[in-house]
Amino acid sequence: MEPTVGSGKILTTPVITEDGQPTEYETDSTKPEQTINNVSLDKDVIVWKLTLHQIGLDVVRTDRALVYYENNENEAKLWDILAVYSWIDKDIGYCQGMTDLCSPITILIENEADAFWCFERLMRRMRSNFKSSTSTIGVRSQLVVLASVIKAVDPKLHEHLEKLDGGEYLFAFRMLMVLFRREFSFVDILYLWELMWAMEYNPTLFLTYESNTDANEIKAVAGKENLLDVYGRFERRYIRTGQKDEDAPLSIFLMAGVLEGKNKRLLKEAKGLDDVVKILNEMTGNLDAKKACSEALKIHKKYLTNKMRGRFSDGARLEKVVAVVLRGIVQVVVAF
């Protein structure tokens with residue numbers, strides 16, 4: 001449908017108008033069919049073609065400091081993968097930030113087809129981050145969980161952020177959407193992603209990505225007790241405590257760790273949301289992956305402990321209420 005795909009080149013200017021007309025008509029009279037076909041493009045094709053130059057503009061800005069992208073063919077490889085993905089996933093299409101996720105895969109996997117399918121599988125895990133509507137954004141549920149985590153482990157910081165009108169934690173939007181791709185160096189982000197995905201691993205992971213997988217099949221795999229050791233360390237904690245929350249991945253606790261690491265500065269220097277954003281932006285490319293993961297696991301453990309205490313506390317209060325009610329019933333019976 002678009003000859004530029006696979007040609008070793010990329011598009012950075014529109015090839016069609018919003019009504020489906022080509023921006024430059026083919027002047028070769030021996031190719032009349034191309035002009036006719038371009039005039040009556042399918043709606044999906046028009047939407048797709050309108051995004052191709054947007055992908056190109058983002059591609060030429062991605063990882064410019066890396067020698068790898070000095071080769072135009074490598075730049076085109078990244079563009080090809082995203083162009084094809086935006087066609088097959090019509091619900092999401094292409095969104096800014098996808099180049100950040102795709103670039104490391106493009107660099108690590110030489111074969112373009114293999115790199116594409118690796119990215120496609122990654123997007124099955126990440127695509128909800130890019131889903132948005134007029135009323136909500138893709139990572140909204142994660143931001144809500146992040147707020148609850150900070151409130152539980154550092155109520156003073158949470159209260160301060162709320163006073164700054166930052167209680168919705170929108171300043172963490174980009175970091176969660178592209179998994180801290182811009183906050184760590186290229187080498188560190190490879191380490192971080194591999195560690196995160198290993199720690200979040202569970203045997204049903206790939207089954208849940210397949211749309212035709214029977215729910216009973218997933219439950220059967222998940223119910224095998226001998227698989228507990230197969231789960232990643234992070235996921236295993238949820239299994240043991242029975243507190244699994246689909247909207248609380250390790251990235252939430254990484255973000256919480258980042259905020260905790262800047263706790264003193266945020267409390268002392270942040271007088272508004274602009275100050276919060278400024279302080280967090282200073283970390284770009286300067287975070288240490290090992291230290292960040294270690295801090296995230298500490299916060300995760302603290303968060304689960306606090307939740308368990310809250311549960312037991314609620315249970316104890318309920319037991320007291322029940323005991324009082326029972327005593328009242330006994331007294332009534334004795335009186336009769």
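In table form, for the structure just shown:
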quantity	calculated
Placed amide H near Ile16: partners under 5 Å, 5+ positions off or other chain	Thr23
Probe 1.4 Å - accessible area at Glu2, Å² to nearest ten	20 Å²
Label-to-label distance, nm, for residues given as Asp42 and Ser185 (7 Å Cα→Cβ offset)	4.7 nm
Subset of Lys131/Lys291; Lys268/Lys307; Lys268/Lys298; Lys49/Lys278; Lys131/Lys271 violating a 26 Å alpha-carbon distance limit	Lys131/Lys291; Lys268/Lys307; Lys49/Lys278; Lys131/Lys271
Exposure ranking of Glu159, Glu112, Glu120 by accessible area [1.4 Å probe, largest first]	Glu159, Glu112, Glu120
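The values are calculated or read from the model by the stated rules, or taken from the named source; none is laboratory data. For clarity, every value in this text was computed on a predicted model and none was experimentally measured. Quick reminder, even Gly has a Cβ in these numbers, built from the backbone with ideal geometry, and neighbours come from all protein chains shown. These accessible areas exclude ligands, DNA and RNA; they are computed on the full protein's heavy atoms, side chains included. Shrake-Rupley method; radii C 1.70, N 1.55, O 1.52, S 1.80 Å.
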